[in-house]
1. Just checking, how many residues over region 98-123 are within 14 Å of the ligand (Cβ to nearest atom), without any contact (Cβ under 8 Å) to a residue 40 or more places away in the chain and either over 10 Å from the mean Cα position of the chain (by Cα) or surrounded by fewer than 21 Cβ atoms within 10 Å (Cβ to Cβ) (or both)?
2. Just one of the numbered conditions (1) closer than 20 Å to residue 37 by Cα; (2) out of contact with any helix residue (DSSP H, G or I) (no Cβ under 9 Å at 6 or more places or on another chain) is not true of residue 76; which one?
3. Across region 25-40, what is the total count of residues that are surrounded by 11 or more Cβ atoms within 10 Å (Cβ to Cβ) and either at pLDDT 95 or above or outside any loop (DSSP other than H, G, I, E, B) (or both)?
4. Consider residue 126 against the criteria (1) within 12 Å of the ligand (Cβ to nearest atom); (2) over 20 Å from residue 65 (Cβ atoms); (3) assigned to a helix (DSSP H, G or I); (4) in contact (Cβ under 8 Å) with a residue 40 or more places away in the chain: it satisfies all of them except one. Which criterion is unmet?
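The values are calculated or read from the model by the stated rules, or taken from the named source; none is laboratory data. Just so it is clear, the structure is predicted and the values come from calculations on it, not from any experiment. Cβ sites come from the backbone with ideal geometry, for glycine too, and all protein chains shown count toward neighbours.
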Ligand SMILES: CC(C)(COP(=O)(O)OP(=O)(O)OC[C@H]1O[C@@H](n2cnc3c(N)ncnc32)[C@H](O)[C@@H]1OP(=O)(O)O)[C@@H](O)C(=O)NCCC(=O)NCCS
């Protein structure tokens with residue numbers, strides 16, 4: 001159920017430096033912006049690199065998969081579709097699934113950074129934004145996700161952001177989660 005302060009909101013993380021050696025410092029602001037009628041076309045242009053689609057969705061554009069799930073309320077729950085922006089430029093998409101009525105938590109799905117924008121810190125910044133949104137949500141104690149066991153880059157990313165492995169789901173995906181206590185935002 002989506003109400004008042006629990007509605008999808010914009011969330012931003014600033015000041016992350018890219019790992020590229022050619023740039024020594026960049027005052028970057030990565031934001032999660034709800035996908036709306038104004039920006040869905042930009043979201044739909046996001047594409048994974050070759051071989052990555054199996055890790056994130058059955059079809060591309062991933063943004064349209066997310067919007068489809070939100071429209072039909074897949075799993076009979078609310079989906080919050082987000083565009084990942086850097087200073088107004090679309091670099092990726094993700095979805096938050098509102099599972100609070102089931103398990104007092106939310107879930108991160110379909111995290112995708114555009115093929116041309118990977119390895120620049122956007123995935124990490126987006127994960128931090130998602131954790132921050134989960135912390136801000138009422139009655140949300142945990143952020144959960146699943147990841148393909150062969151998706152080592154994503155597993156490394158999530159574990160380095162504090163997610164721990166809870167088990168394996170019916171499809172053989174690793175289940176990870178992190179606590180989302182109120183009153184503080186962890187930044188690396
Ligand atoms: C996984 C993904 C979201 C990471 O996004 P990204 O912006 O490229 O990642 P970042 O630049 O923020 O890197 C964060 C960390 O992830 C890990 N990582 C990311 N890409 C990696 C790669 N190709 N090889 C090894 N490690 C990698 C590293 O630990 C990295 O930290 P470091 O830069 O300090 O070494 C991105 O590669 C992607 O969209 N992949 C396709 C879809 C997908 O698999 N989504 C996850 C579904 S669960």
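1. Of the residues in that region, 2 qualify.
2. Of the numbered conditions (1) closer than 20 Å to residue 37 by Cα; (2) out of contact with any helix residue (DSSP H, G or I) (no Cβ under 9 Å at 6 or more places or on another chain), the odd one out for residue 76 is (1).
3. Residues of region 25-40 surrounded by 11 or more Cβ atoms within 10 Å (Cβ to Cβ): 26, 28-36, 39-40.
Subset that is either at pLDDT 95 or above or outside any loop (DSSP other than H, G, I, E, B) (or both): 28-36, 39-40.
Matching residues across region 25-40 total 11.
4. The one condition residue 126 does not meet is (2).
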